[in-house]
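Engineer: Could you have a look at this structure, given as structure tokens, before my questions?
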Amino acid sequence: MDSDGALPRLSIIIATWQAAATLERCLKSTVEQTFKQWELVIADGGSTDGSVDLLRAYDAHIAWWNSESDDGIYDAWNKALGHARGDYVCFLGADDFWAEPQTLARLFEAVGADDYDLVTSVGRIRDSATGKSYDFGSAFDFRRIGPRAVVFHPGLLHRRTLFEEHGLFDTRYQIAGDLEFLLRLPADTRSLHVDVVSVVMDAGGISQVSVLARLKEQREVLKRCPRYGPVRAYVAWLN
């Protein structure tokens with residue numbers, strides 16, 4: 001964590017619940033980053049499995065954390081956003097971790113002094129049972145976002161003021177709220193794609209396991225988006 005009193009370049013938000021088995025790996029991968037201009041902001045959903053003990057142990061590295069019941073991941077993210085101070089914000093799952101200690105340094109070296117709205121990168125989906133993995137994620141494209149999930153969301157850097165300009169996450173959703181937020185962004189959104197693996201994600205998250213639920217939510221999100229509407233949303237859902 002940057003300790004010179006300056007505001008951080010990046011707020012790393014983690015929503016966690018009953019994730020003591022993987023949370024420390026996530027925290028450790030952040031603390032070990034060679035780039036230090038970050039802060040950790042963590043919303044725990046009232047875990048009883050030892051997660052809170054881990055948060056206490058890492059308290060010196062955390063700018064803000066709280067443990068209380070919430071209405072899901074997007075409610076937790078919204079709570080955490082109220083405490084974020086970075087120029088950029090990203091969202092990690094408790095079972096995600098930065099790919100290497102130089103990851104953030106590489107991302108911010110690419111950003112430089114420019115002011116982007118979104119900075120995308122590549123994610124690695126890993127099956128710990130088989131050892132197999134695959135990489136996923138490409139640049140933000142206003143024309144394509146929606147029917148095809150081309151952006152890898154964990155590790156995606158959002159300019160923090162986007163949430164002031166376009167609102168917080170819609171808590172009606174449990175899986176596709178991040179997509180719904182990206183669909184609100186305008187055509188002139190300034191984005192940068194950095195072609196590096198930034199975050200490793202364990203296979204088996206809610207969006208991967210609950211495929212039908214995810215597809216249903218994506219369809220609802222597209223139906224409510226003025227650029228798509230019910231007919232185009234249904235066609236995208238069939239595809």
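The values are calculated or read from the model by the stated rules, or taken from the named source; none is laboratory data. This one's a predicted model, so the numbers in the text were calculated from it and none came from an experiment. Glycine gets a Cβ as well: all are built from the backbone with ideal geometry, and neighbour counts include every protein chain shown. Calculation scope for accessible area: heavy atoms of the full protein, side chains included, ligands and nucleic acids excluded. Shrake-Rupley method; radii C 1.70, N 1.55, O 1.52, S 1.80 Å.
Engineer: What angle do you read, to the nearest 10 degrees and between 0 and 90, between the alpha-carbon axis of helix 229-238 and the longest principal axis of the chain?
Structural biologist: 80 degrees
Engineer: Follow-up question, since we're still on this one. Explain nothing, just compute: Karplus ³J(HN,Hα) = 6.51 cos²θ - 1.76 cosθ + 1.60, θ = phi - 60°, for every residue of segment 70-86 in order, whole Hz, x for Gly and Pro.
Structural biologist: 9, 9, x, 4, 6, 5, 5, 4, 4, 4, 5, 4, x, 10, 7, 10, x
Engineer: Moving on to the next point. At what distance in nm do the modelled label points of D71 and T34 sit from each other, each positioned 7 Å from its Cα along Cα→Cβ?
Structural biologist: For D71 paired with T34, the spin-label model returns 4.4 nm.
Engineer: Then there is this: Considering only the other residues whose Cβ falls under 11 Å of the Cβ of N66, what net charge follows from Lys and Arg at +1 and Asp and Glu at -1?
Structural biologist: -2
Engineer: Tally Lys and Arg at +1 and Asp and Glu at -1 over the other residues with C-beta under 14 Å from the C-beta of R224: what net charge comes out?
Structural biologist: So the environment of R224 carries a net charge of +3.
Engineer: Grab the other residues whose beta carbon is less than 15 angstrom from that of F181, score K and R as +1, D and E as -1, and report the net. Don't jump to the answer; show the numbers that get you there.
Structural biologist: Numbers: positive: R159, R160, R172, R184, R224, R227; negative: D75, D117, E164, E165, D170, D178, E180, E217, E220.
Combined, the nearby Lys, Arg, Asp and Glu give -3.
Engineer: With a 1.4 Å probe and every protein chain left in place, work out the accessible area per residue of segment 7-54 in Å², rounded to a whole number.
Structural biologist: 36 Å²
Engineer: Next up: Give the residue list of trypsin sites (Lys or Arg not before Pro) in segment 94-154 that are DSSP loop and have at most 12 other beta-carbon atoms within 10 angstrom.
Structural biologist: K132, R143
Engineer: With the contact rule set at Cα under 8 Å and sequence spacing of 6 or more, what percent relative contact order holds for segment 1-125?
Structural biologist: 37 percent
Engineer: Using a 1.4 angstrom probe on heavy atoms only, work out the carbon and sulfur share of the accessible area of the chain in %. Each step should come with its number before you reach the end.
Structural biologist: On the way: 5740 of 11350 Å².
Looking at the chain in its full context, I get 51 percent from C and S.
Engineer: What angle do you read, to the nearest 10 degrees and between 0 and 90, between the alpha-carbon axis of helix 211-224 and the longest principal axis of the chain?
Structural biologist: Once rounded, one gets 70 degrees.
Engineer: Run through the DSSP bridge list for segment 1-148 and note the antiparallel percent, rounded to the nearest 5. Numbers along the way, then the final one.
Structural biologist: On the way: 4 of 23 bridges.
Roughly 15 percent of the beta bridges in segment 1-148 run antiparallel, per DSSP.
Engineer: Amide H neighbours of A99 under 5 Å, counting only residues 5+ apart in sequence or on other chains, H built in-plane at 1.01 Å?
Structural biologist: V199, V200
Engineer: Normalised by the number of residues in segment 84-158, what is the relative contact order in percent for Cα pairs under 8 Å and 6+ residues apart?
Structural biologist: Over segment 84-158, the number comes to 39 percent.
Engineer: Could you run the Karplus curve 6.51 cos²θ - 1.76 cosθ + 1.60 with θ = phi - 60° over segment 33-50 and give me ³J(HN,Hα) per residue in whole Hz, x for Gly and Pro?
Structural biologist: 5, 6, 7, 10, 8, 10, 9, 9, 10, 10, 10, 9, x, x, 5, 10, 9, x
Engineer: Please work out the average accessible area per residue across segment 66-148, using the 1.4 Å probe convention, and give it in Å².
Structural biologist: With the other protein chains kept in place, segment 66-148 gives 47 Å² per residue.
Engineer: Eight or more residues apart or on different chains, and alpha-carbon atoms under 27 Å: count the Lys pairs in the chain matching that.
Structural biologist: 6
Engineer: While we're here: Sort segment 67-140 into rounded, prolate or oblate with this rule: let a ≥ b ≥ c be the square roots of the eigenvalues of the Cα gyration tensor; rounded if a/c is under 1.5, and if a/c is not under 1.5, prolate when a/b is larger than b/c, oblate otherwise. Intermediate values should be presented prior to the final figure.
Structural biologist: On the way: a/c = 2.07, a/b = 1.05, b/c = 1.98.
Since a/c reaches 1.5 but b/c is at least a/b, the shape of segment 67-140 is classed as oblate.
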